[in-house]
Every structure is written in structure tokens, then in C-alpha cells.
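Engineer: Dumping the structure here so I can ask a few things about it.
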Amino acid sequence: MRFATYTVAGQSFYGAVTNAGMVALNPVFPQWPTLLDALQANGLGALAEFAVGKNVTHTDFEYEMVLPNAPRILCVGVNFPDRNAEYKDGSEQPKYMSLFPRFASGFTGHNRPLIRPLENKTLDYEGEVAIVIGKMGRRISQMDAYDHIAAITLCNEGTIRDWVRHAKFNVTPGKNWDNSGAIGPWLVPFKDASQLDNARIITRVNGEVRQDDVLSRMMHPIRREIEYISTFMTLHPGDIIVTGTPTGSGARLDPPQYLKPGDVVEVDVNGIGILRNTVADEV
């Protein structure tokens with residue numbers, strides 16, 4: 001079962017995704033007005049149970065960022081061995097992970113355009129797996145880490161490269177342009193470790209494979225990410241951790257190849273699906 005947030009004629013819904021369309025669920029569960037509310041109430045199981053065998057309610061819709069009211073989004077940077085080498089600074093594998101915040105306003109939904117801003121043309125792609133916390137915790141052990149995941153999804157962690165270089169220790173300006181990235185298309189409930197341990201990320205631009213790697217090669221595995229982050233902050237249901245991108249982003253190619261209007265970017269992960277976005281200039 002998969003769950004998405006979507007709009008129909010300007011009205012927002014969340015529902016179960018089927019091959020034929022959407023089964024709207026928020027009208028049936030008014031106590032959970034949004035998908036985030038359902039997740040925070042540990043309600044994904046109830047949604048799934050209700051949706052089985054139900055008729056589709058919408059076939060013409062637009063995907064939204066899967067959790068548009070996500071309270072906190074933390075991203076892990078430079079988390080694959082070859083990605084660290086791309087920086088060509090002679091540094092060893094880092095002992096601690098790089099972290100930075102993003103905000104929900106910086107993400108759009110599946111099949112919608114990533115927006116290249118007026119001020120700069122260095123819009124870049126980063127295909128990643130994102131996890132959504134479902135159980136509150138502090139100082140979570142790696143052994144228990146997966147017990148705190150409610151669902152998984154995909155992220156194109158779109159970045160304005162020039163703006164991440166504005167200050168020595170500050171990538172935030174380049175990471176939070178409105179609708180520069182995407183999260184979706186849907187949430188897949190997390191039920192088994194193999195959903196992450198056996199996952200492979202492929203990112204394509206106009207059909208050309210630019211990134212291709214497996215999560216098992218991460219320098220800081222997802223269990224460690226949860227352990228480390230929960231050391232300094234309590235994780236709450238609805239928090240999103242974007243877990244890291246492989247080598248092959250446009251900035252690291254020679255010459256760099258940034259996204260331009262008309263491009264199509266796909267982030268493809270087995271067991272989750274494909275997050276697809278076009279690119280458009282801000283108007």
C-alpha cells in the first residue's frame with residue numbers, strides 16, 4: 001500500500017495510490033485532516049485496512065510534496081565514498097556525518113517542475129532515499145533504529161550550487177529555494193529491513209543514468225544516522241531524514257551539467273518507485 005498527498009481542482013486530499021487512481025482517505029478519517037496527522041497517530045495501518053478493495057475516487061489529480069506540512073527535514077551530506085572523493089580535497093572518510101536543514105517549502109511533488117530561480121542557473125539534482133520517523137525517540141541505538149521508521153519515500157534534493165558556497169559553513173541558502181527539490185511520489189510503509197538494506201538509487205536526466213549506487217555503501221548507514229541525530233535532538237513522528245546522494249551530481253561532471261528548462265529528472269529506487277520531475281524557470 002502507498003499513500004500520497006494530492007490536489008483536485010485546488011482541493012487537497014490524501015489517499016491510497018492504486019494503478020487506477022486515488023482512493024481518498026481524509027473524508028473517511030476526519031480526525032486526521034492530513035497524511036502527517038495520520039502518520040503521527042500511527043494510523044497508516046488503519047488507512048491501509050480501509051483502502052483495500054475500495055473504489056477509486058479520483059483519476060485526474062496532481063501530486064503534492066508527500067508531507068507538505070512536515071515539521072522538520074534533516075539532510076545528510078557527502079555520504080557515499082565516491083561522493084567524498086568528488087570534492088578532490090584530499091580528505092579522509094569523515095568520522096561524523098554532515099547535516100543541514102531543509103524546509104517543506106523547498107520541495108514540490110511528483111510530476112511537477114523543479115523551479116530554477118531568477119537569480120542563479122546552477123540548479124542541480126541529488127537522488128536520495130528519505131525516511132519518515134514514526135516513533136518518538138532520543139538516544140536511539142542502531143539496533144533499535146529501524147523500529148522508529150514509519151515509512152520511506154524518495155527525494156530529489158535539488159540544490160542551487162553557487163549559493164551553497166556563499167559562506168564557509170553554510171549550505172542553507174543553496175538548499176532552500178522554493179520548489180527547487182521534490183519529495184514523493186508517495187509514502188511506502190516500512191515493514192522490513194530489506195526495503196533499505198537492499199535499495200539501489202538510480203538517477204536519470206533525460207534518460208541518461210547520472211547516479212547509480214546502493215545504500216549498503218553509505219559511509220554513515222541509516223541506522224547510524226538515526227542514532228547520531230537522536231543523540232542531540234528528540235526525533236518525532238513526521239520528521240524526515242534525507243539520507244544522502246551518490247556520486248554523479250551535475251556539479252561534479254566535467255564540464256558541470258546543471259538542470260535547464262525542459263529537462264526530465266527521475267529518481268528510481270527498487271521497492272519504492274520513481275520520482276519524476278521536469279524543470280522550469282521561475283516566472
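Read-outs: derived from the displayed coordinates by stated rules, not from any lab. Remember, predicted model here, so these are calculated numbers, not experimental data. Because the Cβ atoms are built from the backbone with ideal geometry, glycine has one as well, and the counts that use them run over all protein chains shown.
Engineer: Share of antiparallel DSSP beta bridges in the chain, in percent to the nearest 5? Show your work: numbers first, answer last.
Structural biologist: Values: 55 of 63 bridges.
Counting only bridges with both partners in the chain, antiparallel ones make up about 85 percent.
Engineer: For region 17-113, what does the alpha-carbon gyration tensor say about shape, rounded, prolate or oblate, given a ≥ b ≥ c as the root eigenvalues, a/c under 1.5 as rounded, and a/b over b/c as prolate?
Structural biologist: Values: a/c = 2.85, a/b = 2.34, b/c = 1.22.
It comes out prolate by the Cα gyration axes.
Engineer: Let me ask you something else. Hey, any idea what Rg/Rh is for region 115-207, computing Rh the Kirkwood way over Cα pairs?
Structural biologist: Working: Rg = 16.2 Å, Rh = 15.4 Å.
Radius of gyration relative to Kirkwood radius: 1.05.
Engineer: Sticking with this structure for a sec: So if we plug the beta-carbon distance of residue 206 and residue 280 into 1/(1 + (r/R0)^6) with R0 = 22 Å, what FRET efficiency do we get, rounded to 0.05? Please list the in-between numbers first.
Structural biologist: Details: r = 15 Å, r/R0 = 0.68.
After rounding, the FRET efficiency stands at 0.90.
Engineer: For residue 231 paired with residue 49, estimate the spin-label separation in nm (one decimal), with each label point 7 Å from Cα along the Cα-to-Cβ line.
Structural biologist: 3.9 nm
Engineer: Can you give the angle from 0 to 90° between the axis of helix 222-232 and the longest principal axis of the chain, with both taken from C-alpha atoms, to the nearest 10?
Structural biologist: Helix 222-232 sits roughly 90 degrees off the main axis of the chain.
Engineer: Let me ask something additional. Taking the alpha carbon gyration tensor of region 147-283, what are the square roots of 5 times its eigenvalues, largest first, to the nearest whole Å?
Structural biologist: Values: eigenvalues 129, 73, 45 Å².
Listed largest to smallest, the semi-axes of region 147-283 are 25, 19, 15 Å.
Engineer: Still on this structure, please answer the following. Give me the log10 of I(q) over I(0) for region 198-257 at q = 0.14, 0.25, 0.28, 0.30 Å⁻¹, as the Debye formula computes it from C-alpha points; what are the numbers?
Structural biologist: Debye output, listed in q order: -0.54, -1.04, -1.15, -1.24.
Engineer: Right, here's the next one. Helix-only estimate, please: 222 nm mean residue ellipticity of the chain, summing -39500 (n - 2.57) across DSSP H runs of length 4 or more and dividing by its residues, to the nearest 500.
Structural biologist: Working: 6 runs with 39 residues, N = 283.
That comes out to -3500 deg cm²/dmol.
Engineer: Then there's this: Find me the longest stretch of the chain that has none of the exposed chymotrypsin sites (Phe, Trp or Tyr not before Pro), where exposed means in a DSSP loop (not H, G, I, E or B) with at most 15 other Cβ atoms within 10 Å. Walk me through the numbers before you get to the answer.
Structural biologist: Details: sites that count: 87, 96, 103, 169.
That gives 170-283 as the longest site-free run.
Engineer: Is region 2-63 rounded, prolate or oblate when judged by the Cα gyration tensor, a ≥ b ≥ c being the square roots of its eigenvalues, rounded requiring a/c under 1.5 and prolate requiring a/b larger than b/c?
Structural biologist: On the way: a/c = 1.96, a/b = 1.25, b/c = 1.57.
Cα axes put region 2-63 in the oblate bin.
Engineer: Taking a virtual spin label 7 Å from the Cα of residue 120 along the C-beta vector, which residues in region 260-274 bring their backbone nitrogen under 18 Å of it?
Structural biologist: Correct set: 260-261.
Engineer: Once you sort the root eigenvalues of the Cα gyration tensor of the chain as a ≥ b ≥ c, which label holds: rounded (a/c under 1.5), prolate (a/b larger than b/c) or oblate (the other case)?
Structural biologist: oblate
Engineer: Within 10 Å of each candidate Cβ there may be at most 12 other Cβ atoms; applying that plus a DSSP loop requirement, which trypsin sites (Lys or Arg not before Pro) in region 134-194 survive?
Structural biologist: Working: sites: 135, 138, 139, 161, 165, 168, 175, 191; in loops: 135, 138, 139, 168, 191.
Hits after loop and neighbour filter: 138, 139, 168, 191.
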